[in-house]
Amino acid sequence: MNDDVWLVVPLYNEAEVIGDVVAQARETFPNVVCVDDGSRDGGAAAAAAAGAVVVQHPVNLGQGAALQTGFEYALTRPDMKWVVTFDADGQHQTSDVLAMLEKARAEDLAVVFGSRFLDDRTDAGVLKKLVLRMAVGYTNLTTHTRLTDAHNGLRLISREVVEQLEITQNRMAHASELVQQIGALDIRYAESPVHILYTDYSKAKGQSLWNAVNILAELILR
Amino acid sequence: MNIVLIQVLLIVVVVVVAARLFRSRGARSQAVRRLGLMLFAAFAVVSILFPNLWNRMAAVAGVRRGTDLVLYALVVAFLSFTVTTYLRFRDFEARYTRLARRLALDEVRAESTPSQTGPTSSPTAGTTASPTVPPRRDEGSNAGGDAPPATEQA
């Protein structure tokens, strides 16, 4: 079951939780590749112990670079049909991924984006919501897509689309770049509601809203 | 024309900096850069010897003083330097990323040869850590000729 799905998990200093995250995910999806982005803790070993394939960047390159590495690893697996981008900090849930897979298969979609804003299960702060809304507005404006949440780390991408992606934004702007590249392809995509768990752990590690400024700068100056 | 000490100092500095910058790489962009640099250095020397030149140019451009014109020119030069440096860094980073990625993926491929982690060994895993690497699309499409964007300095 789900043998044709590969979870791509960018990993950077998440030793505390990655073992549990991988073990839990593998109950549903046996194929997990963790791309260790030059962590200085024991995260890679914990991920490997939990049964993930670990690809290790020799130096820290950024989350976008880690995703692209994960994609290229997944493409070396001939039986891979779907790639799921999945966060290492336990924010994402496999039940959401199952729903996305079902939707993709039922509606013949090549890409399913997770969205926090299709229902009200996700509890984001007011300011965070505002910034995310503005971010998705900018993305929609510049990529001819119609999404409600462009900066969600949970995505389901079919093999044929993964083959055509090339993330060059190593750091945070990769989410917009992904949407842009997918928007430029002639394929069917949709969004699916997901529930992001903002745990104390993920909140403490989470992105500062200041990053919105950095992302914008990276997108404009390319 | 009597040469002041500051003029001698400035000319030495300009010449040394220009000479240092001369030793960089790239074919046509390099030639353009060198020509521009030579002009720039020559003009710097001339304007050090004849400071009044800037005043006359300022008058033509509608600026009150020559020093103001120099300041404006510097602002523009600095901004363009910042942008070209940023873009060059991006280009450099892209190559460096490709290198690191290749290393990481090759390492996994070598490890998985005697069937280690993962459900099944990959099809390339039959050969013992050989240098046979399946074609990867990010090279080829992007390797080779793309030199950093032609840089015009200052």
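With a/c under 1.5 counting as rounded, go ahead and sort segment A:5-220 into rounded, prolate or oblate using the C-alpha gyration tensor (a ≥ b ≥ c being the square roots of the eigenvalues; past the cut-off, prolate if a/b is larger than b/c, else oblate).
Note, shape of segment A:5-220 comes out rounded.
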Residues of chain A: accessible area per residue at 1.4 Å, in Å²? 43
Can you sort B:Phe92, B:Phe43, A:Phe117 by solvent-accessible area, 1.4 Å probe, largest first? B:Phe92, B:Phe43, A:Phe117
How large is ³J(HN,Hα), in whole Hz, for each residue of segment A:47-54 in order, when computed from phi with the Karplus curve 6.51 cos²θ - 1.76 cosθ + 1.60 and θ = phi - 60°, using x for Gly and Pro? 5, 5, 5, 7, x, 8, 6, 10
How far apart, in nm, are the 7 Å Cα→Cβ label points at A:Thr148 and B:Val76? 5.0
When the accessible area of each residue in segment B:94-108 is compared between its chain alone and the complete protein assembly (1.4 Å probe; ligands, DNA and RNA ignored), which residues differ by at least 10 Å², being lower in the assembly? B:Tyr96, B:Thr97, B:Ala100, B:Arg101, B:Leu103, B:Ala104, B:Leu105, B:Glu107, B:Val108
Determine the shape class of segment A:19-84: with a ≥ b ≥ c the square roots of the Cα gyration tensor eigenvalues, call it rounded for a/c under 1.5, and otherwise prolate if a/b is greater than b/c, oblate otherwise. oblate
Using a/c under 1.5 as the rounded threshold, could you call segment B:4-101 rounded, prolate or oblate? The axes a ≥ b ≥ c are square roots of the C-alpha gyration tensor eigenvalues, and prolate needs a/b larger than b/c, oblate otherwise. prolate
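What's the magnitude of the charge dipole for segment A:98-178 around its Cα centre, counting Lys and Arg as +1 and Asp and Glu as -1 at the beta-carbon? Answer in Debye, nearest 20. Don't skip to the answer; put the middle values down first.
On the way: 11 positive and 11 negative charges, 66 e Å.
Charge dipole of segment A:98-178: 320 debye, to the nearest 20.
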At 1.4 Å probe size, what's the solvent-accessible area of A:Glu16? Round to the nearest 10 Å². 150
Any idea of the accessible area per residue across segment B:65-110, 1.4 Å probe, to the nearest Å²? 64
Charge dipole (debye, nearest 20) of chain A; +1 at Cβ of Lys and Arg, -1 at Cβ of Asp and Glu: 520
Chain A: Lys pairs at Cα distance under 30 angstrom, eight or more positions apart or on different chains: 8
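Please give the contour-minus-distance gain from A:Trp210 to A:Ala45: 0.36 nm per residue of separation, less the Cα-Cα distance, rounded to one decimal in nm. Could you put the intermediate results ahead of the total?
Details: separation 165, 0.36 × 165 = 59.40 nm, distance 3.18 nm.
The A:Trp210-A:Ala45 span can extend by a further 56.2 nm.
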Residues of segment A:61-92 with backbone nitrogen within less than 16 Å of a virtual label 7 Å along the Cα-to-Cβ line of A:Asp3, please, listed as ranges. A:77-82
Of all accessible surface on segment A:5-220 at a 1.4 Å probe, what whole percent is carbon and sulfur? 53
What total accessible surface area, summed over both chains, is buried at the interface between chains B and A, computed with a 1.4 Å probe and given in Å² to the nearest 100? 2300
Stretchable slack from A:Arg171 to A:Asp120, in nm (0.36 nm times residue separation minus alpha-carbon distance): 15.5 nm
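The values are calculated or read from the model by the stated rules, or taken from the named source; none is laboratory data. The structure displayed is predicted, hence computed values, not measured ones. Note that we place each Cβ from the backbone using ideal geometry, even for glycine, and neighbour counts take in every protein chain shown. Keep in mind that these areas ignore ligands, DNA and RNA; they rest on the heavy atoms of the full protein, side chains included. Shrake-Rupley method; radii C 1.70, N 1.55, O 1.52, S 1.80 Å.
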